[in-house]
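> Here it is: the structure, laid out below.
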Amino acid sequence: MHFGEYDSPLYRQVIQQFDAVKEWTRVESGVLERLRIPKRAAIVTVPVRMDDGGTRIFLGYRVQHFLTSGPGKGGLRYHPSVNLGEVAGLAVIMGWKCALMELPFGGAKGGINCDPSKLSLGEVERVTRRYTMEMIPYIGPMVDVMAPDMGTNEQVMGWIYDTYSMHMGHNVPQIVTGKSVLLYGTVGRREATGRGVVYCIEEAIEHAGLSLRGARVVVQGFGNVGSVAAYELFMRGAKIVAVGDVNGAVLNTKGLDIPALSEHVKRGNLLGEFPGGDTLRPDELLTLECEVLVPAAIERVITGDNAPKLRCRVLAEAANGPATVEGDRVLRERGDIFVIPDILCNAGGVTVSYFEWVQDIQMFFWSEDEVNRRLRDLMRKAFMRCYDFAQENTTDMRTAALILAIRRVAQEKIQRGLYP
Ligand code: NAD
C-alpha cells in the first residue's frame, strides 16, 4: 500500500480503517479514491524572533481532507510530534467526524512542530501570528476555519482572529472558533467536547444495560476534554476511580473527588501527588476494572498488546485515534466492549465550533442552555444513527460511523458531479 508524502502511523491507521469498510459503502471506486487522499496540504516555514534575539524556524502544516460540504474545519496542534502525516491523519478523522454529525464542513487539521511548554508567551504569540499570516492563502471563514487542539487554547485563537482581521482590514471573528466569549466565541465551547463525550456515554451505558450512577470510570488525560468529562460524570453520580495524565496517575476505588483534583492540578501540583488517592503506575490505568474507560489524551494508546487486557464495558474514545488497527481488531473480536468511536464520541467540540461559526456569521448569540440543548440533540441523533445502522447490519459502532460518514460525503460528490 502506498501512503506517499503522508506516510505515518496515524495516517496509515485511518486509511486502513477506510479501506476495511470501503467495499461496504457501495460507492463507486473513483469517488472513494477522491475521499481516500486529502484534497490539499500546505507546509510553511514559520521564522520567529526568539526572546534571546536569535531566529528559529518552525514548520507549520495545514491539511484539508475535503471541501465538498463546506469550509475545512479542524484544530491546530502545537506539539513536538507534529508532522505532515500526523496532521493528515487527524484531518481525515475530522472529515469523517463532520460528515457523521451532518455539519456543513469538510475536515482539516493544522499543526506546528514545537513544544509550547518550552516557549515564552511572547514566542508562542509570534509563532501563531506568523503561521496565521503564512496560511492566509489557504484559510478563510468560507475556506478553512481553525480551532484549538493539543497545545493551543483560547488565547492562541484570539491571536489568529486578530492577525487575520488585521490583514483583511476589518473584524472577521468567524475565521476561527474556540475563542474567548469576549472575542465572539460561544458560551459552552470550552466544555463542549467533554460534555459530548458524556452524552454519548449516557446513551451507551443504557444500551449496555448499566446505570451511570455508581458506575466506575477511568479517565486517561486531564486536559480540556478529560477534566470536563470527569467532572460531568462525577456530577451525574459516576465513581471516577482513576485518572492519569502525562506525569502520572491516581487511584481511589471509593471514587476521586474530581472538583478537588481539578483544584489540585490548577494550583500547579502533579496529578499523581493528589492527596485524595493513591499513586498508580500510568501503564496500569487502561487495564483497570471499570464500567467506563475514557482515553482522553493522545492517539494510539489501545494496542494489540493491551486490548485483550481491557476490563471495561464501555470504551468512550474521547481522544482522536486512541485505538490502533490491531487494537481495534482485538476489540471487534472480543465483542464484549461497547465502543463509542472517536468520530462520534468527541464530536461535541466541532459541533459547538459549528454553533460558534454560525453565531459569528449572524452576529447573534445564543444562551448556554440553547448551546447545550442543541449539542445534546445532535449528539443523540448521531449516536442513534450509528447504533441503528450497527444493529440493522450486525456490525460494530466504528464501522457503522465510518460507513455513514463516507456515504454522506460520497453522495454529495456524486450529486455535484466531477468538475470540469
Ligand atoms: P489537552 O492538551 O488539554 O490535554 C491533554 C491531556 O493528555 C493532558 O492531561 C496531558 O497530560 C495528557 N497526556 C498527554 N500525553 C499523555 C500520555 N502520553 N499519557 C497520558 N496522558 C497524556 O488536550 P485536549 O484538548 O484535552 O485533547 C485530548 C484529546 O482529545 C486529543 O486526542 C484531541 O485531539 C482530542 N480532542 C480534543 C477536542 C477539544 O475540543 N479540545 C476535540 C476533539 C478531540
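> Can you return the lysines within cross-link range of residue 254? Criterion is Cα-Cα under 21 Å, with same-chain partners fewer than 8 residues away left out.
Residue 254 reaches 239.
> Please list 3J(HN,Hα) in residue order for the stretch 319-330, calculated via the Karplus relation 6.51 cos²θ - 1.76 cosθ + 1.60 where θ = phi - 60°; whole Hz, with x for glycine and proline.
Once θ is set to phi - 60°, the couplings for the stretch 319-330 become 6, 7, x, x, 9, 6, 4, 5, x, 5, 4, 4 Hz.
> Follow-up. Would any residue of the stretch 318-335 have its amide N under 19 Å from a label point 7 Å out along Cα→Cβ of residue 287? List them or say none.
Flagged as within label range: 323-335.
> Sticking with this one: Among the chymotrypsin sites (Phe, Trp or Tyr not before Pro) in the stretch 298-386, which ones are in a DSSP loop with at most 13 other Cβ atoms within 10 Å of the Cβ? Mind listing them?
Sites meeting the loop and neighbour criteria: 364.
> Figure the gain on full extension for residue 51 and residue 380 (residue separation times 0.36 nm, minus the Cα-Cα span) and round it to one decimal in nm.
Stretched fully, the residue 51-residue 380 segment lengthens by 113.6 nm.
> If you roll a 1.4 Å probe over the heavy atoms of the protein chains, what accessible area per residue do you get for the chain, in Å²?
In whole numbers, the chain has 42 Å² accessible per residue.
> Additional query: Stretched out fully, how many nm does the piece from residue 254 to residue 298 gain, at 0.36 nm a residue minus the Cα gap?
In short, 13.2 nm is gained.
> Once you keep just the Cα pairs under 8 angstrom separated by 6 or more residues, what percentage relative contact order results for the stretch 1-129?
Relative contact order comes out at 27 percent.
> Which entries in the list 97/309; 39/97; 179/381 go over 22 Å, if you measure between the two C-alpha atoms of each?
Long pairs (Cα-Cα over 22 Å): 97/309; 179/381.
> Would you please put 256-267, 110-121 in order of how densely packed they are, using the mean number of other Cβ atoms within 10 angstrom per residue and starting with the highest?
Averaged packing, sorted descending, gives the order 110-121, 256-267.
> Dimensions of the chain along principal axes (Cα, Å, largest first)?
56, 54, 43 Å, listed from the longest principal axis down.
> Continuing with this model, one more query. Quick one: which residues, 5+ away or cross-chain, put their amide H under 5 Å from the amide H of residue 180? H built at 1.01 Å from N.
Counting only residues 5 or more places away or on other chains, the set is 158, 185.
> Could you tell me the center-to-center distance, by alpha carbons, between the stretch 102-176 and the stretch 275-325 in angstrom?
If we compute the Cα centre of each part, the gap is 31 Å.
> Also, I was wondering about something else. Run through the stretch 1-64 and list the trypsin sites (Lys or Arg not before Pro) located in a DSSP loop whose Cβ has at most 12 other Cβ atoms within 10 Å.
Qualifying residues, ordered by number: 26.
> Only Lys, Arg, Asp and Glu count, each charged at its Cβ (+1, +1, -1, -1), so figure out the dipole size of the chain about its Cα centre, rounded to 20 debye.
So the dipole magnitude of the chain works out to roughly 620 debye.
> Name the residue from 58, 185, 141 whose Cα lies farthest towards the positive end of the charge dipole of the stretch 4-185, charges +1 on Cβ of Lys and Arg and -1 on Cβ of Asp and Glu.
The residue sitting farthest along the positive end of the dipole is 141.
> Moving to a separate point now. Projected onto the charge dipole of the stretch 145-267 (+1 at Lys/Arg Cβ, -1 at Asp/Glu Cβ, origin at the Cα centre), which of 261, 163, 227 gives the Cα projection farthest towards the positive end?
261
> Give the long-range amide H neighbours of residue 338: residues separated by 5 or more places, or on another chain, with amide H under 5 Å away, using H modelled in the peptide plane at 1.01 Å from N.
HN-HN under 5 Å from residue 338: 314, 315.
> Let me ask another. What ³J(HN,Hα) values, in whole Hz, does the Karplus curve 6.51 cos²θ - 1.76 cosθ + 1.60 give for the stretch 129-144 when θ = phi - 60°, with x put for Gly and Pro?
Those phi angles translate into 5, 5, 4, 4, 4, 5, 8, 3, x, 10, 10, x, x, 10, 10, 6 Hz.
> Please list, or write none, the aspartates and glutamates whose alpha carbon is within less than 20 Å of the alpha carbon of residue 118, excluding same-chain residues fewer than 8 places away.
Partners found: 51, 52, 149, 154, 245.
> Kindly state, to the nearest 0.05, the FRET efficiency for residue 365 paired with residue 121, given R0 = 25 Å and r defined as their beta-carbon distance.
0.30
The values are calculated or read from the model by the stated rules, or taken from the named source; none is laboratory data. Model, not experiment: these values are computed from the prediction. Neighbour counts are summed over all protein chains in view; Cβ atoms, including those assigned to glycine, are modelled from backbone coordinates with ideal geometry. Calculation scope for accessible area: heavy atoms of the full protein, side chains included, ligands and nucleic acids excluded. Shrake-Rupley method; radii C 1.70, N 1.55, O 1.52, S 1.80 Å.
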